[in-house]
Amino acid sequence: MHFISAILIYGILQSTSADPSSGESPVPITCTMRGTDLKRESAQVLCPPGCTDQQLSVYGDGVYAAVSSVCGAAIHRGMIASNGGQVFLRRLPGQQNYQATYANGVQSQPLSKWSSSFSVSKFKTRGMEVSGKPVSTKASAASRRQKKTPEKSTGNKDCKAEVAFLLDGSNNIGQRRFNLQKNFVAKVALMLGIGTDGPHVGVVQASELPKTEFYLKNFTSAKDVVFAVKEINFKGGNSNIGKAIKHTAQSFFTNANGVRKGIPKVMVVFIDGWPSDNIEEAGIIAREFGINVFIVSVAPPAPEELGMVQDVAFIDKAVCRNNSFFSFHMQNWFGTTKYAKPLAQKLCTHEQLFCSKTCYNSVNIAFLIDGSSSVGDQNFRLMLEFMSNIVRAFEVSDVGAKAAAVQFTYDQRLEFGLNDYTNKDDVLRAIYNIRYMSGGTATGDAINFAVRSVFQPTKEGHNKNFLVLITDGQSYDDVRGPAIAAHRAGVTVYTVGVAWAPLEDLKDMASEPKNSHTFFTREFPGLENIAPSIIRGICRDYLDSQK
């Protein structure tokens, strides 16, 4: 019924009056209907309520590219509000450089050019001819049907991924092959199943300077992505692929640009020939950001050209992992249709996207803190600041890193568990709210308590477990036995001693190798200098565990 309603509305739009003050009733349209669906020079339309709650594609400011949502443009322009309303739309010629602005709760997007445009203005009536004339029952029924079944592209839920296609826009490829490259990317995009609940796609062009063509948040349907890809202009220049990979890793994959929590980040890098800069460092940066880099090489250098290549092993050094899965070769840009499906399938194979997990988003860190009377309130505050400095380095979320804290004297108190807080700000707030206990020192019992109460409830999780123990004195009970049990339970233990903490006990409790898991400072202010070493150590241990 929704499809039939859309056809009826489409037919009405073709025959609607061009006069904004005529007595014709406005035609009900959906929130997502675009200006390109209008065939006449002008039309009177009625936007339904609730469009402000939907994700609307709008390009431009004042003059909107025809692929924009009509109602979205009307909201952006301030012609209607959340309750909908009547709008007069007029077709205009295509333009270049549609500007992006934020207005009335709608963020319009930039677009280099489009073949046609439109403007929107307030719907004017002549006396009471239109405003006093009810919309026909048939049109109202169509509007109600469309509201019940809004057009929404949920996408392939089995292929949730944030994908950046990094196009080769250098002189190596040239205008003709650049167009073939765009056609291939469009085919892959169609096969991915792009949608709100499926994969999201953005594009960066690599040349002399990298240029972001559009972000993940800009389009949530394959059709819109294909339109946008086809409109990308060839830049030319050197193939600075390394510079483009760095730019994409550092500036493209951000929350502000549409990255969703817990979704794998993928960068598909097209190289026609070879890069003109070094991409090994860029590959390292991408891996540190948890990005799975794929290299699609086309027309690789011939034997006689290898002398011109800075590093013949550049592909192996740029990919997420050198295991052939992340390398994709095509002989040329002609007849590439057969490659589109295999590449799309690779991008959707989540269990193979090893680089999605990093030390920053895949660890559980529990702090075991000495609350004995020898610490004192002021030093206890310095201990909490030390904990906070470590937590700030990690990506705490419900699908990322997690933190917990246990305070001990002769007794133990679970301050908060790994699953109590799912964002960094809440964890930091919980740390600063910990109240000093004061009492004796039973470190061995505290280790047993931490393993039992913090790690065992989450032992089936995928994060690697770390325990950071901070104490300023000697324990009254045995520490070696509980520490060995913790190591056997898969917990990596870092010990941090202050003042009178015996170095021998610290090493007995620490994981192997003892020297890199044991730290000591004479005074509590010295903890500040130890925090970076703990963070580096956790990342080193995490990477070693993934080999």
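The values are calculated or read from the model by the stated rules, or taken from the named source; none is laboratory data. Treat the numbers as computed from the prediction; the structure is a model and nothing was measured. Note: ideal-geometry Cβ built from the backbone for every residue, glycine included; neighbour counts use all protein chains shown. Heads up: the accessible areas ignore ligands, DNA and RNA and are worked out on the full protein's heavy atoms, side chains in. Shrake-Rupley method; radii C 1.70, N 1.55, O 1.52, S 1.80 Å.
Below are the figures for this structure:
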| quantity | calculated |
| --- | --- |
| Using alpha carbons only: equivalent-ellipsoid semi-axes of the chain, gyration tensor based, whole Å | 55, 32, 18 |
| Rounded FRET efficiency, nearest 0.05, which uses the C-beta distance separating Gln474 from His350 and R0 of 45 Å | 0.40 |
| Principal axis dimensions, the range 435-547 - Cα atoms, whole angstrom, descending | 37, 28, 28 |
| Cα-centre dipole for the chain with unit charges at Cβ (Lys and Arg positive, Asp and Glu negative), debye to 20 | 2760 debye |
| Calculated over the range 220-306: convex hull of Cα atoms, volume per residue (Å³) | 127 Å³ |
| 1.4 Å probe accessible area per residue over the range 264-397, in Å² | 40 Å² |
| Solvent-accessible area per residue for the range 150-205 (1.4 angstrom probe, square angstrom) | 36 Å² |
| Carbon + sulfur, % of accessible area of the chain - ligands and nucleic acids excluded, 1.4 Å | 50 percent |
| Rg/Rg_globular for the range 176-320, with Rg_globular taken as 2.2 N^0.38 Å and Rg from C-alpha atoms | 1.04 |
| Rounded to the nearest 10 Å², the accessible area of Met509 at probe 1.4 Å | 10 Å² |
| Formal net charge of residues neighbouring Ile263 (Cβ-Cβ distance under 15 Å; K, R +1; D, E -1) | +1 |
| Residues whose placed amide H lies under 5 Å from that of Met437, excluding near-sequence neighbours | none |
| Packing-based order for 426-433, 440-447, 316-323, 464-471, using average beta carbon neighbours within 10 Å, highest first | 464-471, 440-447, 316-323, 426-433 |
| Equivalent ellipsoid, the range 379-462 (semi-axes from 5 times Cα gyration tensor eigenvalues, Å) | 21, 18, 9 |
| DSSP-defined antiparallel bridges as percent of all bridges, the chain, nearest 5 | 40 percent |
| Distance between modelled label sites at Glu208 and Ser388, nm, 7 Å Cα→Cβ extension | 4.8 nm |
| Value of relative contact order over the range 441-495, rounded to a whole percent, pairs C-alpha under 8 Å and six or more apart | 53 percent |
| The chain - percent relative contact order, Cα under 8 Å, separation 6 or more | 9 percent |
| Accessible area per residue, Å², the range 435-547 with all protein chains present, probe 1.4 Å | 50 Å² |
| Which listed pairs, of Lys217/Lys317; Lys182/Lys424; Lys223/Lys402; Lys261/Lys507, have C-alpha distances above 32 Å, in listed order | Lys182/Lys424; Lys223/Lys402; Lys261/Lys507 |
| Chain lengthening between Arg260 and Thr337 when straightened (0.36 nm per residue, less Cα-Cα) | 24.7 nm |
| Length-normalised contact order for the range 433-547 - Cα pairs under 8 Å, 6+ apart - percent | 22 percent |
| Among beta bridges that DSSP assigns inside the range 351-480, antiparallel share in %, nearest 5 | 25 percent |
